[in-house]
Amino acid sequence: MRTGLLALALLTVWSSPLLAADVAPVWNEIKGEKLLVLKLKGDAARGEEAFVTCQSCHRRGATGSPSGMYPRLAGQHATVLIEQMTDIRSGKRRNPKMAPFSDEHVLTPQEMADIAVYLQGLPIPANLGRGPGTALGRGQDIYVRDCANCHGDRGEGNRDKFYPLVAGQHFVYLLREARLVRDGERGNANPDMVRVIKRYSDDDLEAVADYMSRLNSP
Amino acid sequence: MLASTLLPAGPVCGQSADKATSIVTSNCAACHGMDGNSVVPTFPKLAGRHPEYIARELNEFVTGKRKSDIMAPITAALDPEDFKLLGAYFGSQKPTRGTVLDQKAAEEGRKFYFEGNEQSGVPACEGCHGTDAQGGKRFPRLAGQHREYLIEQIYNFRTNARIATRIMREVSNRMTDAEIKAVAEYLTGL
């Protein structure tokens, strides 16, 4: 009987929109596998070996693919890489293309830690994929106003806060992911960012993605 | 006997070489050829494969992870030390090339091998199997392999008739029939 009441009480709580908003999950909560991998000490040499299966898409040197379909990973913060890999593994970030290639049968937690350290230390290559360059002023205005606060004046991101380096990333990739974030389809987007870019038009996104793709990597 | 059990996977010499040759003669040569370059396209070429890869696959016929009515009884009669000898033996043989019959398909296959298919999410084969498709200890050599064998294996991955790594199961399901045929045609000529 007591259990029944408890279940009923929980059901009431969950069905209340007001309360549901109050108990919304914390963005990027550090627990489970994410916590485990972040605690492990990565080894770059082992990471290079484990990265072999990743380079089929992300290419040697982790430059990403020339088309921008696959992002550049070279020079990205290890914390961000671990956040994204574990989110893709857990299904939190929706990425059906990559998920099977990064699941527990392919990569161990230690290998993820190794890969993250390896990639973080790779030299950032010259930008391979820029946008059309037709609205850079608008892109800069948007970036300075809304993005630089978290992603940094030069697009360097923030290792400790899990904000990714965006400077020099492929334009096509930046635009695609920005759309997914705006439209609530990425899965693990920071709600603060969603709030900011929700009102952006496609043209706004294209302008700011183009601007970021041209920032000089720090 | 003592020498062979202590010998790690590596170049075959002396007594071990004799033992390897003797195992190959009585167990392997009829299908795979004495030099590991089989002439029957349904039997894979083994010449030039990484010794550790060969030993691992042989062991998987014993554990049942890899299923083959032909290979299961043969490998059951051998032991892990023999597998190391066989790996070293076939790994040091000179691989032969096949003949490309469809030049257009081979050219498409070359492109696919180095680029994969970004739209359907097939990774480039080159990433794991290497620029020259020479493979390594984790991933097999594909260069010069019989096209028929390559095609059959990819279909086996698709249907789970061969229990693949997670990677190849996914890859085989994302590849089109035309892509499979093309990449096999390219690889056979390497």
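Bear in mind that the values in this text are calculations on the coordinates, not laboratory data. Just so it is clear, the structure is predicted and the values come from calculations on it, not from any experiment. Positions of Cβ are backbone-derived with ideal geometry, glycine not excepted, and every protein chain shown enters the neighbour counts.
At a glance:
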| quantity | calculated |
| --- | --- |
| Value at 222 nm in deg cm²/dmol, rounded to 500, when DSSP H runs of n ≥ 4 in chain A each add -39,500 (n - 2.57) | -13500 deg cm²/dmol |
| Karplus-derived HN-Hα couplings along region B:107-121 (A = 6.51, B = -1.76, C = 1.60, θ = phi - 60°), whole Hz, x at Gly and Pro | 5, 5, x, 5, 4, 4, 4, 8, 10, x, 9, 5, 5, 8, x |
| Phi-based couplings in Hz for region B:176-190 (Karplus 6.51, -1.76, 1.60; Gly and Pro marked x) | 7, 4, 5, 5, 4, 4, 5, 5, 5, 5, 5, 5, 4, x, 7 |
| Residues in region A:54-94 reached by a label modelled at residue A:153 [backbone nitrogen below 20 Å; 7 Å Cα→Cβ] | none |
| Other-chain or far-sequence residues with amide H under 5 Å of residue B:45's (modelled H) | B:38, B:146 |
| Rounded to the nearest 20 debye, dipole of region A:136-213 from Cβ charges on Lys, Arg, Asp, Glu | 200 |
| Karplus (6.51, -1.76, 1.60) ³J(HN,Hα), θ = phi - 60°, over region B:45-54, in Hz, Gly and Pro reported as x | 6, 10, 4, x, 6, 5, x, 5, 5, 4 |
| Under 23 Å between alpha carbons - lysine pairs in chain A that sit 8 or more apart or on different chains | 13 |
| Distance cut-off 15 Å, percentage of C-alpha pairs in region A:82-175 lying past it | 71 |
| Chain B, relative contact order in percent, only Cα pairs under 8 angstrom and at least six apart counted | 24 |
| Lys, Arg +1 and Asp, Glu -1 on Cβ, resulting dipole of the protein assembly as shown about Cα centre, debye, nearest 20 | 300 |
| Per-pair calculated FRET efficiency, R0 = 45 Å: residue B:111 and residue A:26 via Cβ, rounded to 0.05 | 0.50 |
| Residues with amide H under 5 Å from that of residue A:163, placed H, sequence gap 5 or more | A:158 |
| q = 0.07 Å⁻¹, the protein assembly as shown: log10 I(q)/I(0) [Debye, one scatterer per Cα] | -0.45 |
| Normalised contact order of region B:103-188, rounded percent, pairs of Cα under 8 Å and 6 or more residues apart | 41 |
| Rounded tilt (10° steps) of B:80-91 against the dominant C-alpha axis of chain B | 60 |
| Paramagnetic label zone (point 7 Å from Cα along Cα-to-C-beta, residue B:40; backbone N under 12 Å) in region B:62-94 | B:70-71 |
| Relative contact order of region A:94-188, pairs being alpha-carbon contacts under 8 Å that are 6 or more residues apart, as % | 27 |
| Other-chain or far-sequence residues with amide H under 5 Å of residue B:122's (modelled H) | B:117 |
| Helix B:14-23 axis, angle to chain B major axis (alpha carbon atoms, nearest 10°) | 60 |
| Kirkwood Rh in Å, taken over all unlike Cα pairs in region B:103-188 | 12.6 |
| Cα pair distances in chain B, grouped into 5 Å bins until the bin that holds the longest one, percent each | 1, 8, 15, 21, 20, 15, 10, 6, 3, 1, 0 |
